[in-house]
Amino acid sequence: MNNFQTKLNQLAPGMVALVGVPSDENSSFLRGPAQAPGHIRQMLHSGSSNMCAENGHDLANEPRLLDMGNMPLGPGTWQADGSPTITRHITSLLEKDARVLSLGGDHAVTFPIVQAFAAKYPDLTILHIDAHPDLYDEFEGSRVSHACPFARIMEAGLAQRLVQVGIRTLNAHQKAQAEKFGVKIIQMTDWRPGMALNLTGPLYLSLDLDGLDPAYAPGVSHHEPGGLTTREVIDLIQAIDVPLVGADIVELNPVRDLVGMTTAVAAKLLKEIAVKLLA
Ligand code: MN
Ligand code: MN
């Protein structure tokens, strides 16, 4: 029995399962995000910061937060139309009535994760922070590329509503896709700090770290200047006032990071998201 299955027995209703999804084979440009979960854990426990979220909730003394380790992913994890393996692992966590915080991995992992969530929460709203809409029907011959997850999610009807923030790469194809699927896109050109998003629950948060400006988060595969500040992303998370049932932090590429800067951002955001999942 591996670590993941052992931990599964310790998971009880109302707990938050932190789980690594070490997968980057659907990245179009660079590999590296598969190594991210270990780097984020190391940063979290490095002593460089404490385990307190900004509201004073100390996650070091939080028995309801359980680190599952990385989910076991063997060869054949991915098929042409998704990853039944990832969906099955997330389903096993949701069956325990836990809330799930997944650490990617590249953004391809969000489709099989949300497949599991949609089965439990048919009226899911998704808040998606990213430089990219990730709405390609296919990218370089793949329908499970990290450029495609939200096309798969929307065409399968897995979310009642999708709201995207941080977008600054919208091309004609993805604009047409957004219109087809009724995606609400708040592009950076229209973004103002403190904007009300009028979200409803149950809410799933998908956080691609390249939504932040590369000045704040250089450790990503696709540098797209003109993004959100770390503070703006923290404020977005802290403003969530509906039930947050799941989240992912994806696209950290430790190979590209500078002095662990982006990893520290990921660890910081993890704490803010975890207290919302525990609320
Ligand atoms: Mn993305
Ligand atoms: Mn992106």
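Where Rh is the Kirkwood radius over the Cα pairs of segment 136-227, the temperature 25 °C and the viscosity 0.890 mPa s, what D in µm²/s does Stokes-Einstein return?
Estimated diffusion coefficient is 170 µm²/s.
Calculate the translational D of the chain in whole µm² s⁻¹ from Stokes-Einstein, where the hydrodynamic radius comes from the Kirkwood formula applied to all Cα pairs, the temperature is 25 °C and the viscosity 0.890 mPa s. Please report the intermediate quantities before stating the final value.
Details: Rh = 18.4 Å.
Stokes-Einstein gives a translational diffusion coefficient of 134 µm²/s.
Near the amide H of Ser206, under 5 Å away, which other amide H atoms are found, from residues 5 or more places off or on another chain, if H is placed in the peptide plane?
Amide H neighbours of Ser206: Leu127, His128, Ile129, Asp248.
Step through the table entries Lys96/Lys276; Lys7/Lys268; Lys7/Lys180, compare each Cα-Cα distance with 30 Å, and write down the pairs that go over it. Walk me through the numbers on the way to the answer.
On the way: Lys96/Lys276 19 Å; Lys7/Lys268 24 Å; Lys7/Lys180 41 Å.
Checking Cα-Cα distances, Lys7/Lys180 exceed 30 Å.
Show which lysines lie in cross-link reach of Lys184 when reach means a straight Cα distance below 21 angstrom and same-chain residues fewer than eight apart are skipped.
Excluding near neighbours in sequence, the set is Lys175.
From zero outward in steps of 5 Å, how is the percent of C-alpha pairs of segment 217-279 spread across the bins?
4, 17, 25, 25, 16, 10, 4, 0
Among Thr77, Thr263, Thr189, Thr110, which comes first, then next, by fewest other beta-carbon atoms within 10 Å?
Thr189, Thr77, Thr263, Thr110
In whole Hz, what ³J(HN,Hα) sequence does segment 187-203 give by Karplus (6.51, -1.76, 1.60; θ = phi - 60°), x for Gly and Pro?
Here the 3J(HN,Hα) series is 6, 4, 5, 9, 6, 10, x, x, 4, 7, 9, 6, 7, 10, x, x, 10 Hz.
In a Debye calculation with equal point scatterers on the alpha-carbon sites of segment 46-126 and no solvent, what is log10 I(q)/I(0) at q = 0.18 Å⁻¹?
Log-scaled intensity ratios, in q order: -0.89.
Residue by residue through segment 16-21, what is 3J(HN,Hα) from phi via Karplus (6.51 cos²θ - 1.76 cosθ + 1.60, θ = phi - 60°)? Round to whole Hz and write x for glycine and proline.
Per residue, the Karplus-derived 3J(HN,Hα) values read 10, 8, 9, 9, x, 10 Hz.
Which ³J(HN,Hα) values in Hz, rounded to whole numbers, follow from the phi angles of segment 249-266 under the Karplus curve 6.51 cos²θ - 1.76 cosθ + 1.60, where θ = phi - 60° and Gly and Pro get x?
Karplus-based 3J(HN,Hα) across segment 249-266 equals 10, 10, 6, 5, 10, x, 5, 9, 6, 10, 6, x, 4, 6, 5, 5, 4, 4 Hz.
Can you give the log10 of the normalised intensity I(q)/I(0) at q = 0.22, 0.28 Å⁻¹, computed with Debye over equal Cα scatterers of segment 1-58?
-1.06, -1.10
To the nearest µm²/s, what D does Stokes-Einstein give for segment 25-167 at 37 °C and 0.692 mPa s, using the Kirkwood radius over alpha carbon pairs as Rh?
Result for D is 198 µm²/s.
None of the figures in this text is laboratory data; all of them are computed from the coordinates on show. Bear in mind that the values here come from a model prediction, so they are computed numbers and not experimental data. Here Cβ is always computed from backbone atoms with ideal geometry, including for glycine, and neighbour counts include all displayed protein chains.
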